[in-house]
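> Next up is a structure, given as structure tokens.
The values are calculated or read from the model by the stated rules, or taken from the named source; none is laboratory data. Treat the numbers as computed from the prediction; the structure is a model and nothing was measured. Backbone-built Cβ (ideal geometry, glycine too); neighbour counts: all protein chains shown. We work out accessible area using only protein heavy atoms, side chains counted, and drop any ligands, DNA or RNA first. Shrake-Rupley method; radii C 1.70, N 1.55, O 1.52, S 1.80 Å.
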Amino acid sequence: MQQQPADLLVIGGGVNGTGIARDAAGRGLSVILAERGDLAGATSQAATKLIHGGLRYLEQYEFRLVREALGEREVLLRLAPHIIWPLRFVLPHHPGLRPAWMIRIGLFLYDHLASRVSLPGSIGLALTGDPRGAPLKPHFKRGFEYSDGWVDDARLVVLNAMSARELGAEIHVRTAVTAARRENGFWHATLVDQHSGASRDVKARGIVNAAGPWVRDLLVSGFGRQPKNSVRLIKGSHIVTRKLFEGEHCYIFQNADGRVLFAIPYEHDYTLIGTTDVALDKLDGPPAISEAETSYLLEAASEYFAKPVERADIVWSYAGVRPLYDDGENDPSAITRDYVLDLESDVAPLLSVYGGKLTTYRRLSEHAVDKLKPFYPQMRGAWTAGKALPGGEIGDFEAFLADLTRRHPGFDAAWLRQLARRHGGHCDAILGQATSTADLGEFFGAGLYAAEVDWLMRREWAVDADDVLWRRTKCGLNMSAAQRERLQTWMQTHRPNQTGQADGMQQP
């Protein structure tokens, strides 16, 4: 796998692990990333998919976290305009819950805690007679509207991994780190291929433990440590329903339990509703939504929508486990979403990442690599705020899409938009010399062709159908079981030899 010791071994292929690998590789460090499953295969694929400051965190006096997250909205909108874009959120005023004056103060802070360059500020709304009030019960007569952003969470992870690889990092998926020990100033780690069972030993000058929900378990089982910090495992579940309302705006609803609920347009034909906060004692297999959570989401949404949301409306659900830093708070909804970086400042550093949220992953990554700087005097400075993620070098998305459509007249414009939202500036590489969909190979359904799947396997580490259908795309929503099975069969017979090595090196 390697002849010389790597500077850094990053364990975990979620948003924090890939973000740290990218940042470190761009500062000149040699990096190996090991992920025991698929990239974004756990928490990072199961978010509410928002780039947001966290309006309700103001009630918990998390001003530093909210300020950092609000600042990151603008940065991320620039770095990946194909997978991140602005949204407007409608907050109907519920007279029995938070008073209007409190919401106004909160929105004023939300508008001014960090600079806004591209996003409009908050406004008051008269919902009666307004299209934004049409889907709601008639007694919701007034409300507010403010800005935040949307992100394709799993694609964000993959793009960070692609960028890290372009900068020289080795990315190894389906590869578990089972043991690590310090010896003669280096870490010696055992990596095990989860398909073949083959093991390899690697040597690194430092390790970052970004294993998410398993951060503490890895320290105990793989490193023989008894860590002083701990995580709280909080399950968050979502339902996806048939489209409940027209328009590109979203809703944020106040619940009687003090939490908030989002209803967001999703994949053109659906509505995403979430999320829940359920404390778990331990992880017993992949998380799944419970009947109680489903009822909670349906009842909370039906409190606002004029037409009740029913189980028959649900087309899909998903759940993830947030590894929040254990701050001693009993209420799962009140546990901090901030992050803690725990550094064992020995000869060979071990940095463990606790907590964090999707919006602040880039800043977390930057802070993590900064914290390691004393061990790597040759390391360059921070750089990720000014460098687009792969496919994001397109500037204005609509202008890019118009040019893409003009240059490829043989393709349906709606399909090109779908492709561009996933791949941005990489669309031309995927389309190649094709002049129509007939040139793209086998059609699997839901707009998915062999040419794109081949790209996902060769360039984005996709191995199984689920990697394609639910993470790198969301085509699984619109495909039959037979179509999904056909895709799996095709991928098994067309699997490339992926080494995780860079196609080329570049500097930020």
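> State the number of residues belonging to the range 293-327 that are within 30 Å of Gly355 (Cβ to Cβ) and of a type in the set (Asp, Glu). Steps first, please.
First, the residues of the range 293-327 that are within 30 Å of Gly355 (Cβ to Cβ): 293-301, 316-327.
Restricting the remaining residues to those that are of a type in the set (Asp, Glu) gives 293, 299, 326-327.
Result for the range 293-327: 4.
> Looking only at the range 51-87, count every residue that is within 20 Å of Leu156 (Cβ to Cβ) and part of a helix (DSSP H, G or I) and tell me the total.
First, the residues of the range 51-87 that are within 20 Å of Leu156 (Cβ to Cβ): 51-54, 65, 68-87.
Add one more test, that the residue is part of a helix (DSSP H, G or I), and what stays is 65, 68-79.
Of the residues in the range 51-87, 13 are within 20 Å of Leu156 (Cβ to Cβ) and part of a helix (DSSP H, G or I).
> Could you tell me whether Asp503 is at pLDDT below 95 and open to solvent by 60 Å² or more (accessible area, probe 1.4 Å)?
On the way: at pLDDT below 95: yes; open to solvent by 60 Å² or more (accessible area, probe 1.4 Å): yes.
For Asp503, the condition - at pLDDT below 95 and open to solvent by 60 Å² or more (accessible area, probe 1.4 Å) - is met.
> Regarding the range 46-54, can at least one residue be identified that is closer than 30 Å to Asp111 by Cα, open to solvent by less than 10 Å² (accessible area, probe 1.4 Å) and basic (Lys, Arg)?
Yes, the range 46-54 contains a residue that is closer than 30 Å to Asp111 by Cα, open to solvent by less than 10 Å² (accessible area, probe 1.4 Å) and basic (Lys, Arg).
> Same structure again: Gly41 versus (1) in contact with a strand residue (DSSP E or B) (Cβ under 9 Å, 6 or more places away or on another chain); (2) open to solvent by 10 Å² or more (accessible area, probe 1.4 Å): which is the lone unmet condition?
(1)
> Would the range 185-203 turn up any residue that is at pLDDT 95 or above, farther than 23 Å from Ala40 by Cα and open to solvent by less than 10 Å² (accessible area, probe 1.4 Å)?
yes
> Sticking with this one: Pick from Ala288, Ala256: which is over 23 Å from Pro131 (Cα atoms), without any contact (Cβ under 8 Å) to a residue 60 or more places away in the chain and hydrophobic (A, V, I, L, M, F, W, C)? Steps first, answer last, please.
Working: Ala256 fails: without any contact (Cβ under 8 Å) to a residue 60 or more places away in the chain.
So the residue among Ala288, Ala256 that is over 23 Å from Pro131 (Cα atoms), without any contact (Cβ under 8 Å) to a residue 60 or more places away in the chain and hydrophobic (A, V, I, L, M, F, W, C) is Ala288.
> Given the condition open to solvent by less than 10 Å² (accessible area, probe 1.4 Å), of a type in the set (Val, Ile, Thr) and in contact with a strand residue (DSSP E or B) (Cβ under 7 Å, 6 or more places away or on another chain), answer yes or no: does some residue in the range 376-398 qualify?
Within the range 376-398, none of the residues are open to solvent by less than 10 Å² (accessible area, probe 1.4 Å), of a type in the set (Val, Ile, Thr) and in contact with a strand residue (DSSP E or B) (Cβ under 7 Å, 6 or more places away or on another chain).
> Next question, about the same structure. Can you name the helices (runs of 4 or more DSSP H) wholly within the range 384-447 that have at least 1 residues being aromatic (Phe, Trp, Tyr)?
Values: elements: 397-407, 413-423, 427-431.
In the range 384-447, the matching helices (runs of 4 or more DSSP H) lie at 397-407, 413-423.
> Would you list the strands (runs of 3 or more DSSP E) that sit entirely within the range 214-293 and hold 2 or more residues that are open to solvent by less than 20 Å² (accessible area, probe 1.4 Å)? Even if it seems obvious, please write down each step before you answer.
Working: elements: 231-242, 250-254, 260-266, 270-274, 278-280.
Those strands (runs of 3 or more DSSP E) span 231-242, 250-254, 260-266, 270-274.
> Okay, next question. Is it true that some residue in the range 59-81 is closer than 22 Å to His238 by Cα, open to solvent by 10 Å² or more (accessible area, probe 1.4 Å) and in contact with an Asp or Glu (Cβ under 9 Å, 6 or more places away or on another chain)?
No, the range 59-81 has no match at all.
> I've got another one for you. Return the residue satisfying two criteria in turn: it lies in the range 19-38 and is out of contact with any strand residue (DSSP E or B) (no Cβ under 7 Å at 6 or more places or on another chain) and assigned to a helix (DSSP H, G or I), and of such residues it is nearest to Gly285 (Cα to Cα). First the steps, then the outcome.
The first filter runs over the range 19-38 and keeps only residues out of contact with any strand residue (DSSP E or B) (no Cβ under 7 Å at 6 or more places or on another chain), leaving 19, 22-23, 26-28, 37-38.
Still in the list and also assigned to a helix (DSSP H, G or I): 19, 22-23, 26.
Details: Gly19: 26, Arg22: 29, Asp23: 31, Gly26: 35 Å.
Filtering the range 19-38 for residues that are out of contact with any strand residue (DSSP E or B) (no Cβ under 7 Å at 6 or more places or on another chain) and assigned to a helix (DSSP H, G or I), the one nearest to Gly285 (Cα to Cα) comes out as Gly19.
> Further question: Can you name every residue in the range 97-115 that is surrounded by fewer than 16 Cβ atoms within 10 Å (Cβ to Cβ) and either more than 23 Å from Val66 (Cβ to Cβ) or of a type in the set (D, E, K, R) (or both)?
Arg104
> What about Val90, is it touching a residue at least 40 places away in the same chain (Cβ under 8 Å), of a type in the set (A, V, I, L, M), outside any helix (DSSP H, G or I) and surrounded by 19 or more Cβ atoms within 10 Å (Cβ to Cβ)?
Details: touching a residue at least 40 places away in the same chain (Cβ under 8 Å): yes; of a type in the set (A, V, I, L, M): yes; outside any helix (DSSP H, G or I): yes; surrounded by 19 or more Cβ atoms within 10 Å (Cβ to Cβ): yes.
In short, yes.
> Pick from the range 353-367 the residues that are assigned to a helix (DSSP H, G or I) and of a type outside the set (Val, Ile, Thr): which of them is surrounded by the fewest Cβ atoms within 10 Å (Cβ to Cβ)?
So the first thing to find is which residues in the range 353-367 are assigned to a helix (DSSP H, G or I), and the list is 358-367.
From what is left, the residues that are of a type outside the set (Val, Ile, Thr) are 358, 361-367.
Working: Leu358: 25, Tyr361: 25, Arg362: 24, Arg363: 20, Leu364: 26, Ser365: 27, Glu366: 20, His367: 17.
Taking the candidates together, the pick is His367.
> Could you list, in sequence order, all residues of the range 132-171 that are outside any loop (DSSP other than H, G, I, E, B), out of contact with any Phe, Trp or Tyr (no Cβ under 9 Å at 6 or more places or on another chain), open to solvent by 30 Å² or more (accessible area, probe 1.4 Å) and in contact (Cβ under 8 Å) with a residue 60 or more places away in the chain?
Across the range 132-171, the qualifying residue is only Glu166.
> Let me ask you something else. Evaluate the following for Glu267: is it of a type outside the set (A, V, I, L, M, F, W, C) and over 19 Å from the mean Cα position of the chain (by Cα)?
Numbers: of a type outside the set (A, V, I, L, M, F, W, C): yes; over 19 Å from the mean Cα position of the chain (by Cα): no.
No: the conditions fail for Glu267.
> Give the residue that is nearest to Val157 (Cα to Cα), with candidates limited to residues of the range 322-352 that are hydroxyl-bearing (Ser, Thr, Tyr) and assigned to a loop (DSSP other than H, G, I, E, B).
Thr336
> Follow-up question, since we're still on this one. Name the single residue that is farthest from Lys235 (Cα to Cα) among those in the range 343-391 being charged (D, E, K, R) and modelled with pLDDT under 95.
Our first condition is that a residue be charged (D, E, K, R); within the range 343-391, this holds for 344, 346, 357, 362-363, 366, 370-371, 373, 380, 387.
Then drop every residue that is not modelled with pLDDT under 95, which leaves 344, 346, 357.
On the way: Glu344: 29, Asp346: 34, Lys357: 14 Å.
Result: Asp346.
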